[in-house]
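Asks: Quick one: the structure is below, questions incoming.
The values are calculated or read from the model by the stated rules, or taken from the named source; none is laboratory data. No experiment lies behind these values; they were computed from the predicted model shown. Cβ placement follows ideal geometry from the backbone for every residue including glycine, while neighbour counts extend to all protein chains displayed. Accessible surface areas use protein heavy atoms only, side chains included; no ligands, DNA or RNA. Shrake-Rupley method; radii C 1.70, N 1.55, O 1.52, S 1.80 Å.
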Amino acid sequence: MDEANTGELWLADYQHLLASHNLSPSELLNSALTPDTSSQPALFSLAQLLDDPALLEQQVREECQAAGHPRMHKACVSVLHKNLSLQIIGPMVIRLFRDGVGTTLNPHRVFLRKNDPTPAGTPRWHHLTEQEVPLGPDDFAQALAEQMRSWYPVFRQYFGVGPGAYWSSVGLALGAPYSVVWNQVDPDRLCQQASRWLSGFDCDANRYIDWIPAEFSQQRCAIPQRRGCCLKHRLPEGGYCGTCGIYRKDRMGSLKTSEAGPQKQPAEH
């Protein structure tokens with residue numbers, strides 16, 4: 001970041017935005033942090049995965065019979081990376097916005113757990129946060145961006161996950177606090193703030209996410225649009241996410257031609 005304490009100013013802007021709409025930042029952000037009640041055992045840590053990617057390759061083949069096909073294998077890993085972003089990084093950013101202080105992300109304290117399809121939405125990744133080191137907003141952004149850059153070669157070169165898939169998943173996670181209020185505050189101000197926040201991370205996440213004002217069910221809102229796809233739609237249980245880059249051209253074209261025209265579906269949060 002170019003200026004000292006820029007992160008603190010952006011967090012203050014977020015607080016003011018919510019307060020101007022009579023919203024309580026602490027209540028909303030608390031409600032977005034769903035307690036992790038899963039009892040599934042850990043398979044290995046993120047640190048082990050980054051050191052030996054074959055661990056994840058073997059796990060994917062055991063979980064998904066279709067993973068023997070290279071395209072399906074890449075899709076499985078891409079979705080697991082999206083889960084890592086949304087289930088670990090997203091909550092970290094939310095806590096930073098709630099508390100004004102973030103924490104380090106120690107890969108030795110992040111674990112992939114055994115797949116349990118029931119109940120739906122059970123998180124695959126678990127983060128032991130109790131012993132993490134507190135960081136101010138600027139140090140948090142610098143440290144996290146450095147980690148995202150250092151992890152990228154593993155997912156890109158070993159598993160073949162594309163830059164659009166990787167960085168747009170990271171971008172969605174970094175914008176998690178804004179997704180919490182996507183339809184509750186002024187969308188133009190939200191999009192401006194979310195874009196500025198992403199630009200403060202020295203990585204490619206901001207190149208693969210656009211925050212755009214839109215209208216859904218006759219209500220103005222703000223939606224993040226990926227410039228990439230996590231490939232979830234290739235999996236047997238998959239489908240298209242609300243932020244999917246496959247529909248990006250249609251959505252962007254609709255916004256350009258009709259500012260008042262409702263969108264087909266809101267962002268997936």
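Asks: Which residues, taken from segment 1-27, are among the small types (G, A, S) and surrounded by fewer than 14 Cβ atoms within 10 Å (Cβ to Cβ)?
Replies: Our first condition is that a residue be among the small types (G, A, S); within segment 1-27, this holds for 4, 7, 12, 19-20, 24, 26.
Selection gives A4, A12, A19, S20, S24, S26.
Asks: Starting from segment 49-60, keep only residues that are among the polar types (S, T, N, Q), then list their pairs with residues that are surrounded by 20 or more Cβ atoms within 10 Å (Cβ to Cβ) whose Cβ atoms are within a distance under 8 Å, requiring at least 6 positions of separation or different chains.
Replies: Q59/L112
Asks: Turning to a different aspect of this structure: Specify the residue that is nearest to E27 (Cα to Cα); the eligible residues are those in segment 156-196 that are of a type in the set (D, E, K, R) and more than 17 Å from the chain's Cα centre (by Cα).
Replies: Within segment 156-196, the subset of a type in the set (D, E, K, R) is 156, 186, 188-189, 196.
Imposing the further condition that a residue be more than 17 Å from the chain's Cα centre (by Cα) reduces the set to 156, 186, 188-189.
Details: R156: 38, D186: 19, D188: 23, R189: 21 Å.
Once the filter is applied, the top-ranked residue is D186.
Asks: Return yes or no: is N30 within 26 Å of S168 (Cβ to Cβ), open to solvent by 20 Å² or more (accessible area, probe 1.4 Å) and touching a residue at least 12 places away in the same chain (Cβ under 8 Å)?
Replies: Numbers: within 26 Å of S168 (Cβ to Cβ): no; open to solvent by 20 Å² or more (accessible area, probe 1.4 Å): yes; touching a residue at least 12 places away in the same chain (Cβ under 8 Å): yes.
Answer is no for this residue.
Asks: Any residue in segment 68-79 that is farther than 19 Å from L46 by Cα and open to solvent by 20 Å² or more (accessible area, probe 1.4 Å) sitting within a Cβ distance under 8 Å of a residue that is outside any helix (DSSP H, G or I) and modelled with pLDDT under 85? List the pairs, counting only those 6 or more apart or interchain.
Replies: Sorted first by the residue in segment 68-79, then by its partner, the pairs are M72/C64; M72/L235.
Asks: To continue, here is another question. Go over the candidates Q157, Q147 one by one and state the one that is of a type outside the set (A, V, I, L, M) and free of Cβ contacts under 8 Å to residues at least 24 places away in the same chain. First the steps, then the outcome.
Replies: Details: Q147 fails: free of Cβ contacts under 8 Å to residues at least 24 places away in the same chain.
After applying the criteria, what remains is Q157.
Asks: What's the total number of residues in segment 33-58 that are open to solvent by less than 60 Å² (accessible area, probe 1.4 Å) and out of contact with any Lys or Arg (no Cβ under 9 Å at 6 or more places or on another chain)?
Replies: So the answer is 8.
To keep it simple, each residue is scored yes or no on (1) open to solvent by less than 20 Å² (accessible area, probe 1.4 Å); (2) part of a strand (DSSP E or B).
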{"residue": "S169", "(1), (2)": "yes, no"}
{"residue": "L172", "(1), (2)": "no, no"}
{"residue": "W182", "(1), (2)": "no, no"}
{"residue": "V185", "(1), (2)": "yes, no"}
{"residue": "C191", "(1), (2)": "yes, no"}
{"residue": "R196", "(1), (2)": "no, no"}
{"residue": "A205", "(1), (2)": "yes, no"}
{"residue": "A214", "(1), (2)": "yes, yes"}
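Asks: Could you go through segment 136-156 and let me know if any residue there is among the polar types (S, T, N, Q) and modelled with pLDDT under 95. Walk me through how you get there before you give the answer.
Replies: Going residue by residue through segment 136-156, those that are among the polar types (S, T, N, Q) are 142, 147, 150.
Narrowing further to those that are modelled with pLDDT under 95: none.
There is no residue in segment 136-156 that is among the polar types (S, T, N, Q) and modelled with pLDDT under 95.
Asks: Among the residues of segment 143-167 satisfying the criterion of being of a type in the set (A, V, I, L, M, F, W, C) and open to solvent by 20 Å² or more (accessible area, probe 1.4 Å), which is farthest from Q219 (Cα to Cα)? Quick ask: steps written out before the conclusion?
Replies: Step one: list which residues in segment 143-167 are of a type in the set (A, V, I, L, M, F, W, C), which gives 143-145, 148, 151, 154-155, 159, 161, 165, 167.
Cutting the leftovers down to open to solvent by 20 Å² or more (accessible area, probe 1.4 Å) gives us 143, 154.
Values: A143: 37, V154: 41 Å.
This residue is V154.
Asks: Continuing with the same structure: Quick check: is even one residue across segment 107-114 part of a loop (DSSP other than H, G, I, E, B) and either open to solvent by 50 Å² or more (accessible area, probe 1.4 Å) or modelled with pLDDT of 95 or more (or both)? So that I can check it myself, show each step before the final result.
Replies: Filtering segment 107-114 for residues part of a loop (DSSP other than H, G, I, E, B) gives 114.
Then keep just the ones that are either open to solvent by 50 Å² or more (accessible area, probe 1.4 Å) or modelled with pLDDT of 95 or more (or both); that gives 114.
For segment 107-114, residues part of a loop (DSSP other than H, G, I, E, B) and either open to solvent by 50 Å² or more (accessible area, probe 1.4 Å) or modelled with pLDDT of 95 or more (or both): present.
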